[in-house]
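Participant: Submitted below is the structure of interest, expressed as structure tokens.
Just so you know, all these numbers are worked out from the coordinates, no wet-lab data involved. Keep in mind it's a predicted model, so treat the numbers as computed, not measured. Cβ placement follows ideal geometry from the backbone for every residue including glycine, while neighbour counts extend to all protein chains displayed.
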Amino acid sequence: MTTNTPQNRATSRYAFKEAEARWQTAWEDGGCFVAEQDPNLPKYYVLEMFPYPSGRIHMGHVRNYTMGDVVARYKRAQGYNVLHPMGWDAFGMPAENAAIEKKVHPAEWTYANIDTMRRQLKMMGLSIDWSREIATCHPDYYRHEQKMFLDFIDAGLIDQREAWVNWDPVDQTVLANEQVIDGCGWRSGAAVEKRRLSQWFFKITEYAQELLDALDTLDRWPDKVRLMQANWIGRSEGLRIEFEMEGRDEGLEVYTTRPDTIFGASFCAISPEHLLAAELAEGNAKLTAFIEECGRRGTSEAAIEQAEKVGFNTGLKVKHPFILGKTIPVYVANFILMEYGTGAIFGCPAHDQRDLDFARKYGLDVLPVVVPEGQNDFTVGDIAYTGSGKLANSEFLDDMDVEAAKGEIARRIEATGSGKREINFRLRDWGISRQRYWGCPIPIIHCGDCGAVPVPTEDLPVELPEDVSFDRPGNPLDRHDVWKNVDCPKCGKAAVRETDTFDTFVDSSWYFARFASPQADLPTDRAASDYWLPVDQYIGGIEHAILHLLYSRFFSRAMKKTGHSGIEEPFAGLFTQGMICHETYTTTSGDWVEPADVIEGDGDALIHVETRAPVTAGRSEKMSKSKKNVIDPESIISTYGADTARWFMLSDSPPERDLDWTESGITGAWRFSNRLWRLIAESADALPPVRTGPDDSSNSELRRAVHAAIIGVTQDLEALHFNRSVARVHELVNALSDADAAKDGAALREGLETVTLLIGPMMPHLAEELWQILGHDQLVADSPWPVADESLLVQDTVKLAVQVRGKMRGTIEIPHDADESTAEQAALALPTVTAALDGDEITKIIYVPGRIINVIH
RNA sequence: GCGGGCGUGGUGGAAUUGGUAGACACGCCAGAUUUAGGAUCUGGUGGCGAAAGCCGUGGGGGUUCGAGUCCCUUCGCCCGCACCA
């Protein structure tokens, strides 16, 4: 203790380094944040998306974990039994890239990163139960994942089939979509090919309807995330139609959501991956080349849809089902997805933009069959018409609206037996096979006789072999003969292990459940998970709005079906935070410059600190290493302290929006924390002693400010509006700074104690320090949240805005329960009002008690 | 291409959800003070105007007694798109 004599307090600044370390030790020694199951206490499970151990924490982590920590500490103060754990999403490609580039084993690299990042997170003073830490790359974690996979197989939730991948012929490896740049492998530069590989799938599509319906129950999720998931699931009601093909026995099955436009059909198109395309390509070199060319695109939907729409006329024709004698050409087209519907469509160019682009390119007919109300001479140019209207050029459908026409076509098609109504989903099954080393091994053994045989439970875990090298292309598991070659568990013959590993999304789809019982022998301890689950507040980046969250929702259902859990929805509350941005700097030659290397030269011009070359400030962008606009959290915490960093993260920017990192922002937070420390350290000795009984303080104005702040901060924290709670704390501190310790001692003590408790979740170290200075022995971490005395907030009079014809003309102060005539009289007595009326007759007066009075003339 | 979001002073943002636009903070201006500190304190600060006042929430239009908030339209920027995590 160095700061506790009055002299020191008055003259020194807050010694954050020493204090933060001291309070972190106090929390740890007291076991403050160790969560224990207690059925008598209401639980609250706060979880932030766990980090990938990429090396060091970044500002996005600081923001994410600060917000979660505020919620955790606030809920703890409110009397909840809080679970707030931390772990590592530790499998993934960067570890393998490091192995290739830096010759370090993925495990070694990963665990070293975890050590660094754990140490950095601990510097932040988070209220985390570190005894529950898990890492997904540890066999103690992934053995349970393998067990659940086997249970999922038994429950019929798993499928094995072929699927397309991006293949790099030089690196002999499968590429992620992000590794395909302009159709070439990111490392080798070789043209990417598409290959079909046998892969494992989770049958998430069986839950499509349920996952869609249950979105309505997630009332503490952002609407936009629910909407994005609903669109992703993409339920559509349409019609499957079989067209007769000329000169062939079998028909062509297409799926359409616009059967009403069938009279406008001018072509059919099938996916390059369609079986018919493959059949026609045999002995047709041109078509084969076309299909191969399509295969050189990436597999991503964005790449497919953005590519210019091209097709290949197969020469085949189908018969129009309703126009006798009319035939329609069949194309193979690059924009048809095999995964959706039947992999074949009929194109009606007038009413679908993609079809229109295609038709214009190949000179196909564009016949409008839906005409907007009142436009009889309607034609389509370069923009397809997708709105409502009346059917035209469509024989028996003419003059119907779109919905009626859809129904009529469906009825007629079904009557002929050439098709049926069908509900389709855009959602595809979740392919989980990854041809990589650093992931959870898929516990399957392939036997020539028995096929794919699950590894028996007693043989789990299937551990990754450690003696692997990355000096050759391809998956090291594939060439690890000792690990790979095993006996078939069924028949005992020589067999080989599955060398694919799980998608890392599998790891992150159930970690929240593992935190409830991280040491359990089974994947979950049901008593623990039944108590703690679901997660009450989940916090993370918007970039996970779809995949991670949807997969976790599926996994919860699968775990319920297999008895591993009792819940369907994993995350009762969800909050998605914005990103951290920073100004970018470039030299005249366009190279990025780190903020730390930029200084002001002569005048205001920016220059490079060493080369003195001129530097241009660019727009603020998401912090990224490639743009060199990152600020290292550890250096910020060392310089300003964890509390200052946390306070800045919470200030100003609404948490769901992007936050601009600025030097002035962090120094502003730094000054505020010192100002608050000084305010309390300097007045502590002049205050009356710690209260023991009811408050009898007299300064009601000050007390009103204090209790209004309690209500405001509580509401704002409850709504996760951290920036507003920060503003309210500022307001309270401003009010307290104006108070006189000699005159309003008791009220001031109440106010200072209150503000200390209110900042507790946000600046926990400083709060402990101030609480001690104010004479308390107990930790803030163990203290209850302040409760407002609402009776102090009742005011006798209210200030009312007075408008004349909606224009603000002044204010009046009247009793809060004043009747209309009192308010009117007061309003009309205002000189600004009489001036604005200018003698006109009043036609109407609108009086909204407590809000406004509006005089109309 | 499809889907989603955002736009308010010099800056970050606030606005009880249709009722006094700009809380709070940064910056800036003026002053004070000093143990010269990553200072502190006091006052001012949306724009135009001497003032009265007028104008102001990306642009245009509409609904309403009243619109930052609701509707239509338009522009700009950002995010996601299934093997990144």
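Participant: Starting from the amide H of residue A:857, placed 1.01 Å from N in the peptide plane, find each other amide H under 5 Å away whose residue is 5 or more places distant or on another chain.
Facilitator: Counting only residues 5 or more places away or on other chains, the set is A:805, A:843.
Participant: For the range A:1-123, treating each Cα as an identical point scatterer without solvent, what Debye log10 I(q)/I(0) comes out at q = 0.14, 0.22, 0.23 1/Å?
Facilitator: -0.81, -1.23, -1.28
Participant: Let me ask you something else. Please give the peptides A:753-759, A:764-770, A:274-280 ranked by average Cβ packing (other Cβ atoms within 10 Å per residue), highest first, as a rough proxy for protection. Could the numbers behind the result be given before it?
Facilitator: Values: A:753-759: 23.7, A:764-770: 26.4, A:274-280: 17.1.
In descending order of packing, they fall as A:764-770, A:753-759, A:274-280.
Participant: Just how far, in whole angstrom, is the range A:440-460 from the range A:370-430 if you go by their alpha carbon centroids?
Facilitator: So the two Cα centres are separated by 50 Å.
Participant: Something else: What dipole magnitude, in Debye to the nearest 20, does the range A:552-647 give about its Cα centre under +1 on Lys/Arg Cβ and -1 on Asp/Glu Cβ?
Facilitator: Values: 11 positive and 14 negative charges, 194 e Å.
Magnitude of the dipole: close to 940 debye.
Participant: Let me ask you something else. What list of ³J(HN,Hα) values in whole Hz, one per residue of the range A:783-796 in order, does the Karplus curve 6.51 cos²θ - 1.76 cosθ + 1.60 (θ = phi - 60°) give from phi, with Gly and Pro shown as x?
Facilitator: Listing the rounded values in order: 9, x, 5, x, 10, 7, 8, 5, 5, 6, 8, 5, 10, 6 Hz.
Participant: Something else now. What number results when the radius of gyration of the range A:471-521, computed over Cα atoms, is divided by 2.2 N^0.38 Å?
Facilitator: Values: Rg = 16.1 Å, N = 51, 2.2 N^0.38 = 9.8 Å.
Output field value: 1.65.
Participant: Related question: Jot down the radius of gyration and Dmax of the range A:162-310, Cα atoms only, both in angstrom.
Facilitator: Taking only Cα atoms of the range A:162-310, I get Rg and Dmax of 19.3, 58 Å.
Participant: For the range A:783-816, which trypsin sites (Lys or Arg not before Pro) pass both filters: DSSP loop (anything but H, G, I, E, B) and at most 15 other C-beta atoms within 10 Å? Don't skip to the answer; put the middle values down first.
Facilitator: On the way: sites: A:799, A:805, A:807, A:809; in loops: A:805.
Answer by residue number: A:805.
Participant: If the range A:301-438 were replaced by its equivalent ellipsoid, with semi-axes equal to the square roots of 5 times the Cα gyration tensor eigenvalues, what would those be, largest first, whole Å?
Facilitator: Value: 30, 20, 17 Å, ordered largest first.
Participant: Bin all alpha-carbon pair distances of the range A:230-325 at 10 Å intervals from 0 and give each bin's fraction as a whole percent.
Facilitator: Final binned percentages: 12, 38, 37, 13, 0.
Participant: Within a 10 angstrom radius of the beta carbon, how do A:504, A:386 rank from fewest other beta carbons to most? Don't jump to the answer; show the numbers that get you there.
Facilitator: Numbers: A:504 23, A:386 12.
Listed from fewest to most nearby Cβ atoms, that is A:386, A:504.
Participant: Just to confirm the filter: which chymotrypsin sites (Phe, Trp or Tyr not before Pro) across the range A:327-385 are DSSP coil and have at most 15 other Cβ within 10 angstrom of their Cβ? Can you show the working numbers first?
Facilitator: Numbers: sites: A:331, A:335, A:340, A:346, A:358, A:362, A:378, A:385; in loops: A:335, A:340, A:378, A:385.
Taking the range A:327-385 and a limit of 15 other Cβ atoms within 10 Å, the loop chymotrypsin sites (Phe, Trp or Tyr not before Pro) found are A:378.
Participant: Which far-off residues, 5 or more places away or on another chain, put their amide H under 5 Å from the one on residue A:430, with H placed in the peptide plane?
Facilitator: Residues meeting the amide H criterion: A:202, A:204, A:205.
Participant: For the range A:516-594, run through the GluC sites (Glu not before Pro) and keep only the ones in DSSP coil with at most 13 other Cβ atoms within 10 Å of their Cβ. Write down the numbers at each step before the final one.
Facilitator: Details: sites: A:543, A:568, A:583; in loops: A:568.
When the GluC sites (Glu not before Pro) of the range A:516-594 are filtered for loop state and at most 13 Cβ neighbours within 10 Å, nothing remains.
Participant: Rounded to the nearest 500 deg cm²/dmol, what is the calculated helix-only ellipticity per residue at 222 nm for chain A, with -39500 (n - 2.57) per DSSP H run of length n ≥ 4?
Facilitator: Values: 27 runs with 297 residues, N = 857.
One gets -10500 deg cm²/dmol as the mean residue ellipticity at 222 nm.
Participant: Could you state the number of Å between the C-alpha centres of the range A:778-843 and the range A:722-749?
Facilitator: 24 Å
Participant: If you don't mind, another one. So what J values fall out for the range A:256-261 if you push phi through Karplus, 6.51 cos²θ - 1.76 cosθ + 1.60 with θ = phi - 60°, rounded to Hz, Gly and Pro as x?
Facilitator: So the Karplus estimates, Gly and Pro as x, are 9, 9, 10, x, 4, 9 Hz.
Participant: Could you give me the ³J(HN,Hα) list for the range A:606-620, computed from phi with Karplus coefficients 6.51, -1.76, 1.60 and θ = phi - 60°, whole Hz, x at Gly and Pro?
Facilitator: Here the 3J(HN,Hα) series is 8, 9, 6, 4, 9, 7, 6, 6, x, 10, 9, 7, x, 5, 7 Hz.
Participant: Report the relative contact order of the range A:681-834, percent, no decimals, based on alpha-carbon pairs under 8 angstrom and at least 6 residues apart. Display every interim value, and only then the final one.
Facilitator: Numbers: 162 pairs, mean separation 33.1, N = 154.
Contact order relative to length: 21 percent.
Participant: Tell me, what is the Rg over Rh of the range A:551-627, with Rh the Kirkwood radius over Cα pairs?
Facilitator: Numbers: Rg = 23.6 Å, Rh = 16.2 Å.
That ratio is 1.46, to two decimals.
Participant: How do A:161, A:619, A:526 line up, fewest other C-beta atoms within 10 Å first? Numbers along the way, then the final one.
Facilitator: Details: A:161 11, A:619 7, A:526 15.
Result, fewest neighbours first: A:619, A:161, A:526.
Participant: Then there's this: Starting from 0.36 nm per residue, how many nanometres of slack lie between residue A:731 and residue A:484 once their C-alpha separation is accounted for?
Facilitator: 82.3 nm
Participant: Using C-alpha positions alone, give me the convex hull volume of the range A:759-857 per residue in cubic angstrom.
Facilitator: On the way: hull volume 15.2 nm³, N = 99.
Residue-normalised Cα hull volume stands at 153 Å³.
Participant: Same structure, new question: How big is the antiparallel share of DSSP beta bridges in chain A, given as a percent to the nearest 5?
Facilitator: On the way: 82 of 105 bridges.
About 80 percent, rounded to the nearest 5.
Participant: In nm, what is the difference between 0.36 nm times the number of residues separating residue A:471 and residue A:164 and their Cα-Cα distance?
Facilitator: Values: separation 307, 0.36 × 307 = 110.52 nm, distance 2.65 nm.
This chain segment gains 107.9 nm when fully extended.
Participant: What area, in nm² and to one decimal, does the C-alpha convex hull of the range A:390-454 cast on average over all directions? Don't jump to the answer; show the numbers that get you there.
Facilitator: Working: hull surface 38.8 nm².
Across all orientations, the range A:390-454 yields a mean hull projection of 9.7 nm².
Participant: Label-point separation (nm) for residue A:656 and residue A:798, each offset 7 Å from Cα along Cα-to-Cβ?
Facilitator: Rounded to a tenth, the inter-label distance reads 2.9 nm.
Participant: A further question on this structure: Sorted by mean Cβ packing within 10 Å, highest first, what order do the peptides A:489-498, A:400-409 take?
Facilitator: Working: A:489-498: 15.5, A:400-409: 18.3.
Peptide ranking by packing, descending: A:400-409, A:489-498.
Participant: Taking H as built 1.01 Å from N, whose amide H comes closer than 5 Å to the amide H of residue A:125, not counting residues under 5 places away?
Facilitator: For residue A:125, whose amide H was placed from the backbone, there are no distant partners under 5 Å.
Participant: Here is a further query. Per q in 0.23 Å⁻¹, report the Debye log10 I(q)/I(0) for the range A:518-647, using one uniform scatterer on each alpha carbon and no solvent.
Facilitator: The calculated log intensity ratios at q = 0.23 Å⁻¹ are -1.26.
Participant: Something else now. Rounded to whole Å, give me the distance from the Cα center of the range A:268-329 to that of the range A:168-210.
Facilitator: Rounded to whole Å, the Cα centres lie 22 Å apart.
Participant: Taking every Cα atom in the range A:578-712, find the radius of gyration and the maximum pairwise distance Dmax, and write them in Å.
Facilitator: 21.5, 70
Participant: Let me test this: with uniform point scatterers at the alpha carbons of the range A:128-219, what is the Debye-based log₁₀ I(q)/I(0) at q = 0.17, 0.18, 0.25 1/Å?
Facilitator: The Cα Debye sum returns log10 ratios of -1.00, -1.00, -1.06.
Participant: Given chain A, report the % of alpha carbon pairs whose separation exceeds 49 Å.
Facilitator: Details: 142330 of 366796 pairs.
Of all Cα-Cα pairs in chain A, 39 percent lie more than 49 Å apart.
Participant: While we're on this one: Mind scanning A:103/A:484; A:286/A:420; A:493/A:560; A:224/A:361 and naming the pairs with a C-alpha gap bigger than 26 Å? It would help to have the intermediate numbers written out before the result.
Facilitator: Working: A:103/A:484 23 Å; A:286/A:420 35 Å; A:493/A:560 36 Å; A:224/A:361 37 Å.
The pairs that break the limit, which is 26 Å between Cα atoms, are A:286/A:420; A:493/A:560; A:224/A:361.
Participant: Regarding the range A:282-380, what are the three Cα extents along the principal axes, ordered largest first, in Å?
Facilitator: 47, 34, 25
Participant: So if each residue of separation counts as 0.36 nm, and I subtract the Cα-Cα distance between residue A:18 and residue A:690, what length gain in nm does that give? Can you show the working numbers first?
Facilitator: Working: separation 672, 0.36 × 672 = 241.92 nm, distance 2.57 nm.
Full extension of this stretch gives 239.3 nm more.
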